[in-house]
Amino acid sequence: CAGDRLQVQVYRHEDLNADLTVAPDGTVTFPLLGRVEVAGKTYTDLVKTIEEGLRAYYTDAAVAVNVLEVNNRKVFVVGEVAAPAVLQLTGPMRVLEALVRTGGINPDARTTNLLLVRGSEETAELYTVNVREMLQGDLRQNVALQPGDILVVPTKTIVNAERFFRRVQGILAPFVSASQAYRNVSIPGAGL
């Protein structure tokens, strides 16, 4: 995916070895081959594509591809936490870990219904997470986060609901289109 870094090694042709960053359009630029589509390809497909392209120049082309860095696995933690942040998922991460990594929940935060926005613009879903119940032992609330998730920690008191939703919409606007955020939202509770 875009931003990921790949290392391509061509055996017996070290001059072609390259560290590449995936462009926003899902391609990399490789010596002799130009732009190579990598998005959506398996490891085997990518190796085969590069090897077949290089066979126009070398009969013995053998390629290895290593992932150096994955940059598209982010979750966003915003609202009433000590340090709102974009967190990189380098392995499994649950809600509680994300809250700890952002400095914990502020005293003004509502702990009974954090909002978890999951999905794409077309299929945005809104869930609630009850941190108070999680800290009392209900581990069903400590859901695993997925790339692209947005965890919103609201304030304890929402005096003006319209202002609150405008604020949430402003926070989420870069990630979820406003029209989809209200049209395709379901709130099934913590049953993730």
With criteria (1) touching a residue at least 40 places away in the same chain (Cβ under 8 Å); (2) loosely packed, with under 14 Cβ neighbours inside 10 Å, residue 4 comes up short on (2)
Quick one: what pairs do we get from region 54-80, first residue within 30 Å of residue 113 (Cα to Cα), second open to solvent by less than 60 Å² (accessible area, probe 1.4 Å) and assigned to a helix (DSSP H, G or I), C-beta under 6 Å, 6+ apart or different chains?
77/98; 78/171
Restricting region 84-96 to residues that are open to solvent by less than 50 Å² (accessible area, probe 1.4 Å) and touching a helix residue (DSSP H, G or I) at 6+ places or on another chain (Cβ under 9 Å), the one nearest to residue 139 (Cα to Cα) turns out to be 95
Residue list for region 127-137, filter: under 23 Å from the mean Cα position of the chain (by Cα) and open to solvent by 30 Å² or more (accessible area, probe 1.4 Å)
128
Quick check on region 19-75: of everything there that is at positive phi and assigned to a loop (DSSP other than H, G, I, E, B), which residue is surrounded by the most Cβ atoms within 10 Å (Cβ to Cβ)?
26
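Among the residues of region 97-104, is any among the hydroxyl-bearing types (Ser, Thr, Tyr) and surrounded by fewer than 17 Cβ atoms within 10 Å (Cβ to Cβ)? Before you say what the answer is, go through the steps one by one.
From region 97-104, those among the hydroxyl-bearing types (Ser, Thr, Tyr) are 102; that's our starting set.
Then keep just the ones that are surrounded by fewer than 17 Cβ atoms within 10 Å (Cβ to Cβ); that gives none.
Checked against the condition, which is being among the hydroxyl-bearing types (Ser, Thr, Tyr) and surrounded by fewer than 17 Cβ atoms within 10 Å (Cβ to Cβ), region 97-104 yields no hits at all.
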Residue 31 passes all but one of (1) more than 29 Å from residue 147 (Cβ to Cβ); (2) at pLDDT 90 or above; which number fails?
(2)
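Looking at residue 140, is it touching a residue at least 40 places away in the same chain (Cβ under 8 Å), part of a helix (DSSP H, G or I) and open to solvent by 30 Å² or more (accessible area, probe 1.4 Å)?
Numbers: touching a residue at least 40 places away in the same chain (Cβ under 8 Å): yes; part of a helix (DSSP H, G or I): yes; open to solvent by 30 Å² or more (accessible area, probe 1.4 Å): yes.
Here the answer is yes, as residue 140 does meet what is asked.
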Restricting attention to region 89-105, does a residue exist that is in a strand (DSSP E or B) and among the polar types (S, T, N, Q)?
no
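The values are calculated or read from the model by the stated rules, or taken from the named source; none is laboratory data. Predicted, not measured: the structure shown is a model, and the values here were computed from it. Reconstructed Cβ throughout: ideal geometry from the backbone, glycine too, with neighbour counts over all protein chains shown. All accessible areas refer to the heavy atoms of the entire protein, side chains included, with ligands and DNA or RNA removed. Shrake-Rupley method; radii C 1.70, N 1.55, O 1.52, S 1.80 Å.
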